[in-house]
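J.: I have a structure here, written as structure tokens, and I will follow up with some questions on it.
The values are calculated or read from the model by the stated rules, or taken from the named source; none is laboratory data. Just so it is clear, the structure is predicted and the values come from calculations on it, not from any experiment. Quick reminder, even Gly has a Cβ in these numbers, built from the backbone with ideal geometry, and neighbours come from all protein chains shown.
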Amino acid sequence: MTTLHPPPELRDRTPPDPAGTGSAGREGPRRAGRSGGGARLGRFLRRRPGLVAAVVVVVLVLTAAFVPALLAPGDPAVGDTAQRMLPPGPGHWFGTDHLGRDVWTRVVHGAALSLQATVLAVAVALVVGGLVGLAAGYAGGRLDELLMRGVDVLLAIPAILLSLALITALGFGTVKVAIAVGIAGVASFARVTRAETLRVRRSLYVEAARAVGTRRLTTLWRHVLPNAAGPVTALAVLEFGLAILAVSALSFLGYGAPPPASEWGSLVADGRNYLAVAWWICAMPGLVIAATVLSVNRISRALDGEWGRSV
Amino acid sequence: MSLPYLLRRLGLAVAVLWAAWTVSFVVLYLLPGDPVATMAAAGDGEQPSPAELDALRARYGLDQPLIVQYGTKLWAALQGDLGISFATGEPVRSAIGAALPPTLQIAGAGLLVAVTGGTAVALAATGSRHAWLRQALGAVPSLAVSLPVFWVGLMLVQLFSFRLGWLPAVGARGPGSLVLPAIALGLPTGALIAQVLAASLTRSLQSPFVTTARAKGVGEAAVLLRHALGTATLPALTVLGTVVGNLVAGSVVVETVFTRPGLGRLTVASVGVQDIPVVQGVVLFAALAFVVVNLLVDLAYPLLDPRITVSGGAR
């Protein structure tokens, strides 16, 4: 048998062994006491300066999204024309744009919309994909076959084109872009959730629950779902990075929030006309996007069993 | 390779295409939104009368029940007729056909960049004698997929066109104009290839035939290039369908950044004016590229790897 469409590497982004985060390893380490755990965390982080930097970046981005005034007290829409297109320096460390607005302030205040869209996109993908995968894996048989063929088809259409088709139908705007990106991410969640559900369904405790006469939905909710959650969470964090990229690309193309509001992607698009004379207007917002995605991916890798393997 | 197997694979490919067409139909025609109103409003700014709108709907068959529209459009699509563009009145097939050559150029160049770059990084990351180099190169793919493609494109333009003046910033004239778009387009794809290839190279370096070759005294470079790379390439071939799909889809952003004509620009323009038939045509084309490449890879696989035999009857 040869393989059909996407390779295993792409299909199952399931971590090989979620035992480290699962319920099995819960008794041993907890006995060691709190101070032991703290020391282990310190050692874990000290060996991974990249992970610490990633956490710092994510905390900064979250701060920017929720309390932007803390990082940039100025008004992102107000510029001083006397200070047009200043390169990055002490006063404006991301420089200023063609209207004299501080690029740092604009990036910080753009975080909220960009992040909202990303969170919504991941939520849509997680909920819809998770339900599809759970239903397919738990019901099995015909329904499983039908749902998974549907997922195969979604994988045959490149994500950005599927998003663009959805935007064509739904129209422009931050929320619509987010939904479009989320739907395009449904397929990978469905796959992973299904694989996990299949794994958990065969386990002894699910059989035991059934044997004592627990109803199907209760078993699904109380036993299968919590135990299938680990790898799905790791995928959700990974998907977060992909969603930031997708949302910012669509916003760059002009399908996001209309002009006065700014998102990271549209900030890069704004700077395009001044690329030859003021590179920083484009470069800085893009750099922030890249740093955020890198950090999120790093954290996803850490969640993906790195903690469990390090002892 | 048996004929039944061939027919079954062909049937599967057609089924995926039909389903992709159906998905795009559901998305584009079932979701709320009135393309005719958008189309009319985009014209001259005058508000069209309801009667005019109805006439337009009738012209594009949008007044019929959806199930009838589905049937007639699918029947037409089966005969190669993808409808006519709402925006220009041009047949969708010729619009896509006209936009295709420049996109194929950058996609081809991007594929070249991705395959050579990805292979080089994978080889160096697994074969280097220095641990620090292996580690640094191993991190390159995950860095490359984290960069927004549109931003990479703009930064390349800033550096190589505006600062150094080596290559043109925009347009599609001459082979020089192909270089920067190809790099921007090939970067995420190359990262994917590097990741998959490095993983399968590591596996094949641990296999018995490599041990045998080493025992016979074959040098490390020869082991890597002549023995390990051959078998490691095969698993990497399976991502080719995804790679080609990504290249077609990536043209949307890259052609916008570099102001080049092509399929991507056509798509962006069509999304903006809700030109549903064109968007559906592009989606179908991307799915077609994906399906055809996968079919070819599947058919070529047993020929390239003698260990795999295709069982015609089973499953």
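J.: What residue, of B:A184, B:A107, B:A144, B:A125, is within 22 Å of A:I289 (Cβ to Cβ), touching a residue at least 60 places away in the same chain (Cβ under 8 Å) and not basic (K, R)?
T.: That would be B:A184, the only listed residue that is within 22 Å of A:I289 (Cβ to Cβ), touching a residue at least 60 places away in the same chain (Cβ under 8 Å) and not basic (K, R).
J.: Within the range A:226-239, can one find any residue that is outside any helix (DSSP H, G or I), within 14 Å of another protein chain (Cβ to nearest Cβ) and crowded, with 21+ Cβ neighbours inside 10 Å?
T.: Checking the range A:226-239: not a single residue is outside any helix (DSSP H, G or I), within 14 Å of another protein chain (Cβ to nearest Cβ) and crowded, with 21+ Cβ neighbours inside 10 Å.
J.: Something else now. Take the residues of the range A:245-260 that are among the hydroxyl-bearing types (S, T, Y) and assigned to a helix (DSSP H, G or I): which is nearest to the chain's Cα centre (by Cα)?
T.: Per the stated criteria, the residue is A:S248.
J.: When you look at A:Y205, is it under 21 Å from A:G171 (Cβ atoms) and aromatic (F, W, Y), yes or no?
T.: So A:Y205 fails the test.
J.: Could you go through the range B:154-165 and let me know if any residue there is assigned by TED's automatic domain parsing to the domain that holds B:T231, at pLDDT below 85, closer than 25 Å to A:W279 by Cα and not in a helix (DSSP H, G or I).
T.: Among the residues of the range B:154-165, at least one is assigned by TED's automatic domain parsing to the domain that holds B:T231, at pLDDT below 85, closer than 25 Å to A:W279 by Cα and not in a helix (DSSP H, G or I), which makes the answer yes.
J.: Still on this structure, I have one more. What tally of residues in the range A:168-186 results from selecting those that are touching a residue at least 24 places away in the same chain (Cβ under 8 Å), buried (at least 24 other Cβ atoms within 10 Å of the Cβ) and within 11 Å of chain B (Cβ to nearest Cβ)?
T.: Counting residues in the range A:168-186 that are touching a residue at least 24 places away in the same chain (Cβ under 8 Å), buried (at least 24 other Cβ atoms within 10 Å of the Cβ) and within 11 Å of chain B (Cβ to nearest Cβ) gives 2.
J.: Name the residues in the range B:146-171 that are within 15 Å of A:A269 (Cα to Cα) and not hydrophobic (A, V, I, L, M, F, W, C), would you?
T.: Hits for the range B:146-171 are B:P148, B:G153, B:Q158.
J.: Quick check: is even one residue across the range B:268-287 part of a helix (DSSP H, G or I), more than 11 Å from the chain's Cα centre (by Cα), outside the structural domain of B:L74 (by TED's automatic domain parsing) and over 26 Å from B:G83 (Cβ atoms)?
T.: no
J.: Please enumerate the residues belonging to the range A:261-278 that are in a helix (DSSP H, G or I) and more than 22 Å from A:I244 (Cβ to Cβ).
T.: Those that are in a helix (DSSP H, G or I) and more than 22 Å from A:I244 (Cβ to Cβ): A:N273, A:Y274.
J.: If you don't mind, there's one more thing I want to ask. Looking only at the range A:133-158, which residues are within 14 Å of chain B (Cβ to nearest Cβ), surrounded by 17 or more Cβ atoms within 10 Å (Cβ to Cβ) and of a type in the set (A, V, I, L, M)?
T.: Result: A:L147, A:M148, A:V151, A:V153, A:L154, A:L155, A:A156, A:I157.
J.: Please give the number of the condition B:R260 fails out of (1) more than 9 Å from chain A (Cβ to nearest Cβ); (2) crowded, with 19+ Cβ neighbours inside 10 Å; (3) assigned to a helix (DSSP H, G or I).
T.: (3)
J.: Could you please find all residues in the range A:252-269 being more than 10 Å from every other protein chain (Cβ to nearest Cβ) and touching a residue at least 12 places away in the same chain (Cβ under 8 Å)?
T.: A:G256, A:A257, A:P258, A:P260, A:A261, A:S262, A:E263, A:S266, A:L267
J.: Quick check on the range A:72-89: of everything there that is under 33 Å from the mean Cα position of the chain (by Cα) and loosely packed, with under 15 Cβ neighbours inside 10 Å, which residue is farthest from A:S262 (Cα to Cα)?
T.: Step by step, filter the range A:72-89, then rank; the result is A:G89.
J.: Let me ask something else about it. Pairs needed: first member in the range A:100-116, of a type in the set (D, E) and at pLDDT below 85; second member anywhere, surrounded by fewer than 24 Cβ atoms within 10 Å (Cβ to Cβ) and not in a helix (DSSP H, G or I); C-beta distance under 6 Å; at least 6 residues apart or different chains.
T.: A:D102/A:G74; A:D102/A:H92
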